[in-house]
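For reference, the structure is listed below as structure tokens.
The values are calculated or read from the model by the stated rules, or taken from the named source; none is laboratory data. Every value quoted in this text rests on a predicted model; they were computed, and no experiment measured them. Cβ placement follows ideal geometry from the backbone for every residue including glycine, while neighbour counts extend to all protein chains displayed.
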Amino acid sequence: MKKVIFIMGVSGSGKSTIGKLLAQELNIPFFDGDDFHSKNNIKKMANGQPLNDEDRQDWLEALNDLAKKQLTKNSCIIVCSALKQTYRDILSFDIESKTKWVYLSGSFNQIYNRINKRPDHFMPSELLQSQFNILENPKKALQIDISLAPENIIKTIKNELVNTSEFGLFGLGVMGKSLCRNFANNGFNISMFNRHVDGIEENIAKDFKSKYSELSEASAFEDIAAFVKSLQQPRKIMLMVNAGKTIDYLIEDLLPHLSKNDILIDGGNSNYLKTKERFEYLKSKGIHFVGTGVSGGEEGALHGPSIMPSGDLEAYNNVKPFLETIAAKDQNNLPCCTYVGPEGSGHFVKMGHNGVEYVEMQLLAEVCSILETSGQNLDQIADVLETWKSTANSYLLEITIDILRKKEGNDWLVNKILDKAGNKGTGNWTTIASAELGVPSTLIASALFARYTSFFKDERIQLNSNFKSEVASELNLSSSEILEAYQFARIINHYQGFKLISEASNKFNWNINLSEIARIWTNGCIIRSSLMENLVEVFKGTTNILTNSQFIDLLNHYKPAVKKVVSQCVLNDIATPTLAEAIQFLNGITTPYASANIIQAQRDYFGAHTYQRLDDDSLNSHHTNWN
């Protein structure tokens, strides 16, 4: 990977000497930042006046332009004092992932004596104190003591920045492999690890490397110690393994080899509560933990996923250039990756994403069932869904069309698939989290239980013979009515999904930006859609889309259709749990005086749980002897 190595430190620290020697050793161009100062800056310093930030702005931008131009050709070395973090931010603007920092560190007396021995230096030694006054020690640099011999400094830089990998990926399953290729295709030097199990998993990383040309510069390991040692510090290791206890075991395996401030990134579908526990545990060990949701499946991981990182913000900023580079890009070419918040908020948001995904998949399955019951074959259904793209396009709609058209022999392949839908637990966690937070994510629960119901295949067959189904020869439904019912339910689904995230954010003080979450879900992820693109702007004005005038109008417009579709399905014994729940939920959430008064009276009757009265503004609790 082409990179710019900035060598920084106060004047007199030996930047130019080390930079030239390193450039010669690596056979890459060398540039001295002092050569790019304006005449006014040089004159000012020669007159004993320190430069201010305004003086430095154009100079820093010129060096940033120089770095960008050089990166189109080759790596290079640039030496520059870069004393403040704001200066370093300007120098690395738009090239963070290709920037490496070396900080030559020494005491005031050491460097003062050096300057006085160099009568040709354009900056008087009297200005040295002004540089120390503004010096902000970098946190992302390789720090080297200037008292070392130059050859030892060069050796250290080569060992730490040139001969080691920038990023490590642990676990080469489907997602892990795709992410490795994504990182490599974006020019990163990576180390890859997969465990060794005799006779079962042998040479996985090595064989994977040999299979793809883009991995030719990657390092492959099945020994943990060697893998960790191959990485630049602070080490950045992304864990791509199954959620659960496996993560905890791996953390314990890695800990003896890690150093303070190393960063572990959990890119699996971990439970957000476990992520919080691991965050606190590793914090006590001096290790950063970044719980990160990753959506997009195998193809997304390869070409650009949606990424939802959380945890310590400083740690995230260390891995930000890597994650943002490999992420999908939105319509404004911004990365579909954003810092979600502290603790396990990233994994919570990914869990919410998966809950919405469960519903979107179930809705499309129900739509297909309705259209098939109306007498259309799968090619015809695919044609109908194709026409929906102009108003209801989504990744899941697109793949459903492809699925419906896929044939094996003379029959459609999907007709040969056993009708038992699996799940990996995230829908279950979303439903549990909704219950724990008291948020009515009813469509997610309905979609989850529909999958559970499908798994009772034998019982469904048995019960089918016990209960006669009455399906009309022709449903009294148009494809436009089915589309409007589908659109209605999707709005309710997205309301509930974002409502869950919003309530969790409020409860845990995560301060999640819903517009940003919608934005990073506009590309790369499984639930990307035209509706999601619309929500980016909507959430800039509200956290509740049911208060947005556009969606109020849409739901009122679609409501007659969903009522008719659900009614026809009930009358014809067609199971549509999420479509039906969508209208039931809107009826419930818009009912000004609900039947819950009866429930509260029942609770008071058998358990003396008390109740409050509408005609008592004091909010006192009341109890009645009902019999």
So, in the stretch 379-419, exactly how many residues are among the hydroxyl-bearing types (S, T, Y) and surrounded by fewer than 16 Cβ atoms within 10 Å (Cβ to Cβ)?
3
Of everything in the stretch 343-359 that's assigned to a helix (DSSP H, G or I), touching a strand residue (DSSP E or B) at 6+ places or on another chain (Cβ under 7 Å) and not hydroxyl-bearing (S, T, Y), which residue is surrounded by the fewest Cβ atoms within 10 Å (Cβ to Cβ)?
H353
Only unsatisfied item for P138, checking (1) farther than 30 Å from Q49 by Cα; (2) within 31 Å of the chain's Cα centre (by Cα), is (1)
Taking the condition farther than 20 Å from L586 by Cβ, of a type outside the set (S, T, N, Q), touching a residue at least 12 places away in the same chain (Cβ under 8 Å) and in contact with a helix residue (DSSP H, G or I) (Cβ under 8 Å, 6 or more places away or on another chain), does A504 pass?
yes
Looking only at the stretch 236-278, filter to residues that are in a loop (DSSP other than H, G, I, E, B) and in contact with a Ser or Thr (Cβ under 7 Å, 6 or more places away or on another chain); which one of those is farthest from S306 (Cα to Cα)?
A243
Which of the residues spanning the stretch 73-111 are under 30 Å from the mean Cα position of the chain (by Cα) and in a helix (DSSP H, G or I)?
Q85, T86, Y87, R88, D89, I90, L91, E96, S97, K98
Taking the stretch 523-569, which residues are over 12 Å from H494 (Cβ atoms), among the β-branched types (V, I, T) and in contact with a strand residue (DSSP E or B) (Cβ under 8 Å, 6 or more places away or on another chain)?
I526
Determine whether V570 is farther than 25 Å from T430 by Cα, assigned to a helix (DSSP H, G or I) and among the β-branched types (V, I, T).
yes
From the list I77, I146, I111, which residue is crowded, with 19+ Cβ neighbours inside 10 Å and either within 30 Å of T325 (Cβ to Cβ) or among the polar types (S, T, N, Q) (or both)?
I77
Considering only residues that are touching a helix residue (DSSP H, G or I) at 6+ places or on another chain (Cβ under 6 Å) and not in a loop (DSSP other than H, G, I, E, B), look in the stretch 541-554 and name the one that is nearest to R519 (Cα to Cα).
I545
Report those helices (runs of 4 or more DSSP H) wholly inside the stretch 112-206 carrying at least 1 residues which are at pLDDT 85 or above and charged (D, E, K, R).
150-157, 174-185
I'd like to check something: does the stretch 186-193 contain any residue that is at positive phi and either surrounded by fewer than 19 Cβ atoms within 10 Å (Cβ to Cβ) or touching a residue at least 24 places away in the same chain (Cβ under 8 Å) (or both)?
yes
Looking at (1) in contact with a helix residue (DSSP H, G or I) (Cβ under 8 Å, 6 or more places away or on another chain); (2) among the small types (G, A, S); (3) assigned by TED's automatic domain parsing to the domain that holds D262, can you tell me which one S394 breaks?
(3)
Residue match in the stretch 313-325 (condition: among the small types (G, A, S), closer than 19 Å to R519 by Cβ and not assigned by TED's automatic domain parsing to the domain that holds E516):
no
Could you identify the single residue in P592, P560 that is surrounded by fewer than 17 Cβ atoms within 10 Å (Cβ to Cβ) and assigned to a loop (DSSP other than H, G, I, E, B)?
P592
Tell me which of these R56 doesn't satisfy, since it passes every other one: (1) within 23 Å of A23 (Cα to Cα); (2) surrounded by 19 or more Cβ atoms within 10 Å (Cβ to Cβ).
(1)
Do we find a residue being part of a strand (DSSP E or B), in contact (Cβ under 8 Å) with a residue 24 or more places away in the chain and polar (S, T, N, Q) anywhere in the stretch 310-322?
yes
Scan the stretch 507-525 for residues that are crowded, with 22+ Cβ neighbours inside 10 Å and touching a residue at least 60 places away in the same chain (Cβ under 8 Å) and jot them down.
I512, I517, R519, I520, W521, T522, N523, G524, C525
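Rundown of residues vs (1) over 37 Å from the mean Cα position of the chain (by Cα); (2) within 23 Å of S454 (Cα to Cα); (3) of a type in the set (G, A, S); (4) surrounded by 12 or more Cβ atoms within 10 Å (Cβ to Cβ), yes/no style:
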site: C569; (1), (2), (3), (4): yes, yes, no, yes
site: N572; (1), (2), (3), (4): yes, yes, no, yes
site: G588; (1), (2), (3), (4): no, no, yes, yes
site: A596; (1), (2), (3), (4): yes, no, yes, no
site: D604; (1), (2), (3), (4): yes, no, no, yes
site: G607; (1), (2), (3), (4): yes, no, yes, no
site: Y611; (1), (2), (3), (4): yes, no, no, yes
site: L619; (1), (2), (3), (4): yes, no, no, no
site: H623; (1), (2), (3), (4): yes, no, no, no
Give just the number: which of (1) surrounded by 15 or more Cβ atoms within 10 Å (Cβ to Cβ); (2) not hydroxyl-bearing (S, T, Y); (3) not assigned by TED's automatic domain parsing to the domain that holds E54 does I154 not satisfy?
(3)
Looking across the stretch 366-378 at residues that are surrounded by 20 or more Cβ atoms within 10 Å (Cβ to Cβ) and free of Cβ contacts under 8 Å to residues at least 40 places away in the same chain, the single one that is farthest from the chain's Cα centre (by Cα) is L378
Restricting to the stretch 512-540, count the residues that are part of a loop (DSSP other than H, G, I, E, B) and either closer than 23 Å to P305 by Cα or modelled with pLDDT under 95 (or both).
11
Leading residue by the ranking (surrounded by the fewest Cβ atoms within 10 Å (Cβ to Cβ)) among those in the stretch 421-463 that are in contact (Cβ under 8 Å) with a residue 24 or more places away in the chain and in contact with a Ser or Thr (Cβ under 6 Å, 6 or more places away or on another chain)
A421
Checking V102 against (1) within 14 Å of I18 (Cβ to Cβ); (2) modelled with pLDDT under 80, which test does it fail?
(2)
Looking only at the stretch 309-329, count every residue that is closer than 13 Å to N523 by Cα and either among the β-branched types (V, I, T) or surrounded by 21 or more Cβ atoms within 10 Å (Cβ to Cβ) (or both) and tell me the total.
3
